[in-house]
Amino acid sequence: MAAFTFFSVAVSCLMEISASVERQQLLGACAWIFLAALLIGENRETRTQVAIAVLFATIGEHFASIYMGGYTYRFENVPAYVPPGHGMVYLTAVALARSALFVRHPGKITLFVIAVWGSWSLWGVSGHPDRGDWVGALLFAIFLVWLLIGRSPMVYLAAFFITTWLELIGTAVGAWEWAAIDPLLGWPQGNPPSGAGAWYCLVDAVAIGGAGPTLRGMKRLSHWYKSGWGLKRIGEL
């Protein structure tokens, strides 16, 4: 699953170089099909998590990109492949987190991610690169907090690999570009910011935390609907 998503991200970004809006829509249709295929065999909780991740991330994309201008896609839109792409990214992080590699070596993976991500963030505020990245350093600090208090630290660590991969490729080919100055904080940020993965960790946290209440709410609603009182109320309406 992870290998397929890494491959799909690379291919999609390369196709984006000369893509039209129509091709973006075709990529979006393919992404939805791929996401549906990847969800086959997953349990109800994971599927609910993916649905929440897609919904939350899509709202966040429109706010951060279209409204705030923190980053901009080639056609100043939210491409059709982005919403299902978020679902695939989340599912990949979950798959990696429960893989044998992550289960057997959590400490080593944690140290690796902190060392690489931390070095990248320090480089951004060192004054050496032409474009500073104070936002990236802040996001990395937020990531460390998520790592300490979050419910699923291995998922957040796994998210680093897939999100770094897609951000580096996507910005390199020009599929999207981050604003030089963050519109909210007024701080310089890289293209991409070193800590961009922290945003994805937020999506993961919302998906993980929201799945349980959502499923319980759906169960109560189903019981209410199937009860005589629920059916009576609907009939009266």
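Laboratory data are not the source of any read-out in this text; all were calculated from the coordinates shown. In this text the structure is predicted, and so the values were computed from the model without any measurement. Heads up, the Cβs are rebuilt from the backbone with ideal geometry, glycines too, and the neighbour counts pull from every protein chain shown.
Couple of notes before you dig in:
- 0 to 90° range, to nearest 10: angle between helix 21-38 axis and the chain longest Cα axis: 60 degrees
- Whole-number D in µm² s⁻¹ for the stretch 1-58, Kirkwood Cα-pair radius fed into Stokes-Einstein, 25 °C, 0.890 mPa s: 193 µm²/s
- Shape category assigned to the stretch 68-189 from the gyration tensor of Cα positions, a/c cut at 1.5: oblate
- For a label point 7 Å along the Cα-to-beta-carbon line of Ala29, residues of the stretch 72-105 with backbone N under 16 Å: 80-82, 84
- Two-site label geometry, Leu168 and Leu185: point separation in nm, points 7 Å out along Cα→Cβ: 2.2 nm
- The residue list Pro106, Trp146, Met1 was ranked by how far each Cα lies along the charge dipole of the stretch 1-148 toward its positive end, using unit charges on Cβ atoms, and Pro106 comes out on top.
- Simple Cβ-charge dipole of the stretch 1-124, Lys/Arg +1 and Asp/Glu -1, about Cα centre, in debye nearest 20: 400 debye
- Total charge dipole magnitude, the stretch 53-166, about the Cα centre, Cβ charges on Lys, Arg, Asp, Glu only, Debye to nearest 20: 440 debye
- In the stretch 1-120, a dipole from Cβ-located charges (positive for Lys and Arg, negative for Asp and Glu) runs towards its positive end, and of Gly70, Cys30, Ser20 it is Cys30 whose Cα lies farthest in that direction.
- Size of electric dipole in the chain: Cβ of Lys, Arg +1 and of Asp, Glu -1, about Cα centre, debye, nearest 20: 1200 debye
- The relative contact order of the chain, computed from alpha carbon pairs under 8 Å that lie at least 6 residues apart in sequence, is 27 percent.
- Remark: the stretch 155-161, residue by residue, has Karplus-estimated 3J(HN,Hα) of 5, 5, 5, 5, 4, 4, 5 Hz, where x stands for each Gly or Pro and the curve is 6.51 cos²θ - 1.76 cosθ + 1.60 at θ = phi - 60°.
- When you restrict to C-alpha pairs under 8 Å that are six or more residues apart and normalise by the size of the stretch 65-171, the relative contact order lands at 29 percent.
- Peptides 65-78, 124-137 ranked from most to least packed give 124-137, 65-78, packing being the mean of other C-beta atoms within 10 angstrom over each peptide's residues.
- Inter-part distance, the stretch 16-77 to the stretch 134-149, computed on C-alpha centroids, equals 24 Å.
- Degrees between helix 106-124 axis and first principal axis of the chain (Cα, 0 to 90, nearest 10): 50 degrees
- Over the chain, the ratio between the Cα radius of gyration and 2.2 N^0.38 Å evaluates to 1.11.
- Karplus-based coupling profile of the stretch 191-199, in residue order and whole Hz: 10, x, x, 4, x, 4, x, 5, 4, with θ = phi - 60° in 6.51 cos²θ - 1.76 cosθ + 1.60 and x standing for Gly or Pro.
- Take the Cα of Ala37, go 7 Å toward its beta carbon, and the backbone nitrogen atoms of the stretch 68-94 under 17 Å from that spot belong to 81, 84-89, 91-92.
- Farthest positive-ward along the chain dipole, Cα basis, beta-carbon charges - from Pro84, Trp176, Gly190: Pro84
- Estimated distance in nm for a label pair at Ile114 and Ile59, the labels positioned 7 Å out from Cα along Cα-to-Cβ: 3.3 nm
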